[in-house]
Every structure is written in structure tokens, then in C-alpha cells.
Amino acid sequence: MFTLDGRPLHLPEPQPMQLAQSVRDRERVFPCKKCNKCYQNVGSLWRHERYECGKEPAYQCTLCGYKSAHKHNLKKHYMLRHNPDKPDFLHQIEY
């Protein structure tokens, strides 16, 4: 790989501790028995099974119909897609 100005890109070698951590992370996988989604900790799996799996998303955008299982994702959607203060970049693009 190269940098933008054409020089070779030198990436640091992973340290032994980082490699060991990544192996542990792959071993700690908790799959959902209903949909096979995987989680790194049992608490996230429990939350998924109790509130999300097999259920219609609880939050819906009134402007476009976007659906989300989490309120914070709907808030982020509003800010990114429907924020009146955000400039419309499509009109700034020259073809």
C-alpha cells in the first residue's frame, strides 16, 4: 500500500498482546439461537433476545419511514438526514 503522495505505507507490526486479545475476542462469541447474530458478551445477547430478536423496530421516522430498535439511532438519523440546519450537499455538487 502507498500513501497519497506515492510513498510506501509502513504499518506497525501487531504486538503479541494485541494478537492474543484478538484471539480471545474471536473465542468469546455468544450467538442468538433464533437468528444467529453474534455478540461479544452475554449481556448484549440477553438484551438482543429480550428486546430485539423477532420484534418489529419500536421507533420510526415520521418523515421517511426509517425504523430503528433504539431511540438513540432514530435521533442520530434525524440529525443526519432531516436536520434543517444541515446544508444540502447535493446542490453543491457540480456535474
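Quick notes on this one:
- Taken over region 37-52, the criterion of being surrounded by 13 or more Cβ atoms within 10 Å (Cβ to Cβ), closer than 17 Å to Asn73 by Cα and either touching a residue at least 60 places away in the same chain (Cβ under 8 Å) or not charged (D, E, K, R) (or both) is satisfied by Ser44, His48.
- Index of the failed condition, Pro87 passing every other in (1) surrounded by fewer than 10 Cβ atoms within 10 Å (Cβ to Cβ); (2) at pLDDT 90 or above; (3) outside any helix (DSSP H, G or I): (2)
- Residues located in region 59-69, provided they are in a loop (DSSP other than H, G, I, E, B) and in contact (Cβ under 8 Å) with a residue 12 or more places away in the chain: Cys61, Leu63, Cys64, Tyr66, Ala69
The values are calculated or read from the model by the stated rules, or taken from the named source; none is laboratory data. In this text, all values refer to a predicted model and were calculated from it rather than measured experimentally. Every residue, glycine among them, receives a Cβ derived from its backbone with ideal geometry; neighbour counts consider all protein chains shown.
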